[in-house]
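Asker: Dropping a structure here in structure tokens format, bear with me for questions.
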Amino acid sequence: MNEPLLRVVDVHKSYRSGSRTLHILSGLNLEVQAGELVAIVGQSGSGKTSLLNVIAGLDRPEKGSIRFQGQELTQLDEPGWAKIRAQSMGFVFQFHQLLPEFSAEENVMMPGLILRKDPIACRSRAQDLLTHVGLSDRLTHKPAQLSGGEQQRVAIARALMNAPPLVLADEPTGSLDPQAGKSLFDLIQQLRKEHNMAFLFVTHNPVLAGRCDRMFALGADFNAFSKPNEV
Ligand SMILES: Nc1ncnc2c1ncn2[C@@H]1O[C@H](COP(=O)(O)OP(=O)(O)OP(=O)(O)O)[C@@H](O)[C@H]1O
Ligand SMILES: [Mg+2]
């Protein structure tokens, strides 16, 4: 069998809190295949955001291996990891992190411009993506002029700009009403079919988690389990 797109093996992540050490991820294993849609579920504080940060190299694990597209990421220096992030990963952060001085359209274009793609093509794709998420009449709005759910949809469109092989999405439907959440999920399904994109998708929504290929749960005892959904 081919190597999975992402293979996380025996990853440990802890945080110091005063004199105590909080063990958040203790020997975590996870594989994601190309084009797979995996829901990460677990109670608040169980380590979902920590896991995404470790996979993206925004935070380093103390121990363990993270292989992505056949390459060991934990051995990379910061610029090496930043290059992988820019070229091959998309992010939807829990707290959107849009650039406040730029419009919705410009925020979405940014990952393409960073890769020095043609600005005209980037603008056209940004407009398409924003139309897909229902924001065709908000292109020139700055983040402060958008509602929370609208900002979230801009952040999603931005993550999809370069059609990266892996999108890490931290509660991407958290600020959306059920209809907008379902539309977003339909867009994700369409994109992974068109581009064979994989999504690691943190969600508290059991309906959306049930529509993913697989559910990966971080439990109260920090032991992970993984089960295929019946799709
Ligand atoms: N930089 C840090 N220093 C100390 N503790 C941290 C740090 N970052 C996270 N933690 C702790 O690690 C635990 C896991 O945090 P994390 O953000 O991964 O949880 P989560 O599962 O994403 O929760 P939520 O559903 O609320 O977003 C939390 O208890 C948090 O307090
Ligand atoms: Mg979180």
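Asker: Counting only residues that are out of contact with any helix residue (DSSP H, G or I) (no Cβ under 6 Å at 6 or more places or on another chain) and either under 20 Å from R116 (Cβ atoms) or not in a helix (DSSP H, G or I) (or both), which one in the stretch 50-65 is farthest from ligand 1 (Cβ to nearest atom)?
Answerer: The qualifying residue farthest from ligand 1 (Cβ to nearest atom) is S65.
Asker: Of these, A39, A82, A34, which one is of a type outside the set (D, E) and in contact with a Pro (Cβ under 7 Å, 6 or more places away or on another chain)? Write out each step before concluding.
Answerer: Numbers: A39 fails: in contact with a Pro (Cβ under 7 Å, 6 or more places away or on another chain); A82 fails: in contact with a Pro (Cβ under 7 Å, 6 or more places away or on another chain).
A34 is the lone residue from the list that is of a type outside the set (D, E) and in contact with a Pro (Cβ under 7 Å, 6 or more places away or on another chain).
Asker: Which numbered condition in (1) modelled with pLDDT under 95; (2) touching a Ser or Thr at 6+ places or on another chain (Cβ under 8 Å); (3) among the charged types (D, E, K, R); (4) more than 30 Å from D10 (Cβ to Cβ) is the only one that D59 fails?
Answerer: Condition not satisfied by D59: (4).
Asker: Take P79 and decide whether it is more than 29 Å from R211 (Cα to Cα), surrounded by 21 or more Cβ atoms within 10 Å (Cβ to Cβ) and not aromatic (F, W, Y). Working first, answer last.
Answerer: On the way: more than 29 Å from R211 (Cα to Cα): yes; surrounded by 21 or more Cβ atoms within 10 Å (Cβ to Cβ): no; not aromatic (F, W, Y): yes.
When the stated conditions are applied, P79 does not pass them.
Asker: Against the condition within 17 Å of the chain's Cα centre (by Cα), within 23 Å of T131 (Cα to Cα) and modelled with pLDDT of 90 or more, how does L98 come out, does it pass?
Answerer: Values: within 17 Å of the chain's Cα centre (by Cα): yes; within 23 Å of T131 (Cα to Cα): yes; modelled with pLDDT of 90 or more: yes.
Here the answer is yes, as L98 does meet what is asked.
Asker: Right, here's the next one. Of the numbered conditions (1) away from ligand 1 (no atom under 13 Å from the Cβ); (2) of a type outside the set (D, E, K, R); (3) over 27 Å from R153 (Cβ atoms), I84 fails exactly one; give the number of that condition.
Answerer: That leaves (3) as the condition not met.
Asker: Also, I was wondering about something else. Within the stretch 42-57, restricting attention to residues that are among the β-branched types (V, I, T) and touching a residue at least 60 places away in the same chain (Cβ under 8 Å), which residue is nearest to ligand 2 (Cβ to nearest atom)?
Answerer: Among those residues, the one meeting the criterion is T49.
Asker: Would you point out the residue of the stretch 141-162, among those that are in contact with a helix residue (DSSP H, G or I) (Cβ under 7 Å, 6 or more places away or on another chain) and assigned to a loop (DSSP other than H, G, I, E, B), that is farthest from M110 (Cα to Cα)?
Answerer: Filtering first and then ranking leaves L146.
Asker: Could I ask something else about it? Would you check if G27 is in a strand (DSSP E or B), away from ligand 1 (no atom under 12 Å from the Cβ), at pLDDT 90 or above and small (G, A, S)? Even if it seems obvious, please write down each step before you answer.
Answerer: Working: in a strand (DSSP E or B): yes; away from ligand 1 (no atom under 12 Å from the Cβ): yes; at pLDDT 90 or above: yes; small (G, A, S): yes.
Answer is yes for this residue.
Asker: Further question on the same structure: Taking the stretch 1-17 as the region of interest, how many residues are more than 10 Å from ligand 1 (Cβ to nearest atom), surrounded by fewer than 10 Cβ atoms within 10 Å (Cβ to Cβ) and either part of a strand (DSSP E or B) or not hydrophobic (A, V, I, L, M, F, W, C) (or both)?
Answerer: In the first step, residues of the stretch 1-17 are kept if they are more than 10 Å from ligand 1 (Cβ to nearest atom); the result is 1-12.
In the following step, the residues that additionally are surrounded by fewer than 10 Cβ atoms within 10 Å (Cβ to Cβ) were identified as 1-2.
Next, only the ones that are either part of a strand (DSSP E or B) or not hydrophobic (A, V, I, L, M, F, W, C) (or both) stay: 2.
Qualifying residue count, the stretch 1-17: 1.
Asker: Conditions: (1) assigned to a helix (DSSP H, G or I); (2) at positive phi; (3) of a type outside the set (D, E, K, R). G134 meets all but one. Number of the miss?
Answerer: Among (1) assigned to a helix (DSSP H, G or I); (2) at positive phi; (3) of a type outside the set (D, E, K, R), the lone unmet condition for G134 is (1).
Asker: Are any of the residues in the stretch 44-52 more than 20 Å from H204 (Cβ to Cβ) and either surrounded by fewer than 19 Cβ atoms within 10 Å (Cβ to Cβ) or not small (G, A, S) (or both)?
Answerer: Within the stretch 44-52, the first condition is being more than 20 Å from H204 (Cβ to Cβ), and the residues that meet it are none.
No, the stretch 44-52 contains no residue that is more than 20 Å from H204 (Cβ to Cβ) and either surrounded by fewer than 19 Cβ atoms within 10 Å (Cβ to Cβ) or not small (G, A, S) (or both).
Asker: So, one more: Find the residue count for the stretch 85-112, including only residues that are within 16 Å of L58 (Cβ to Cβ), away from ligand 2 (no atom under 16 Å from the Cβ) and touching a helix residue (DSSP H, G or I) at 6+ places or on another chain (Cβ under 9 Å).
Answerer: 5
Asker: Considering only the stretch 168-188, state which residues are within 16 Å of ligand 2 (Cβ to nearest atom) and hydrophobic (A, V, I, L, M, F, W, C). First the steps, then the outcome.
Answerer: Just the residues of the stretch 168-188 that are within 16 Å of ligand 2 (Cβ to nearest atom), to begin with: 168-175.
Across the stretch 168-188, the qualifying residues are L168, A169.
Asker: In the stretch 118-141, what residues are more than 21 Å from P172 (Cβ to Cβ) and either within 20 Å of the chain's Cα centre (by Cα) or touching a residue at least 24 places away in the same chain (Cβ under 8 Å) (or both)?
Answerer: Restricting attention to the stretch 118-141, the residues satisfying the condition of being more than 21 Å from P172 (Cβ to Cβ) are 118-124, 137, 140.
C122, T140 - these are the residues of the stretch 118-141 that are more than 21 Å from P172 (Cβ to Cβ) and either within 20 Å of the chain's Cα centre (by Cα) or touching a residue at least 24 places away in the same chain (Cβ under 8 Å) (or both).
The values are calculated or read from the model by the stated rules, or taken from the named source; none is laboratory data. None of the values given here were measured: they were computed from a predicted structure. No Cβ is skipped: glycine too gets one built from the backbone with ideal geometry, and neighbour counts run over all protein chains shown.
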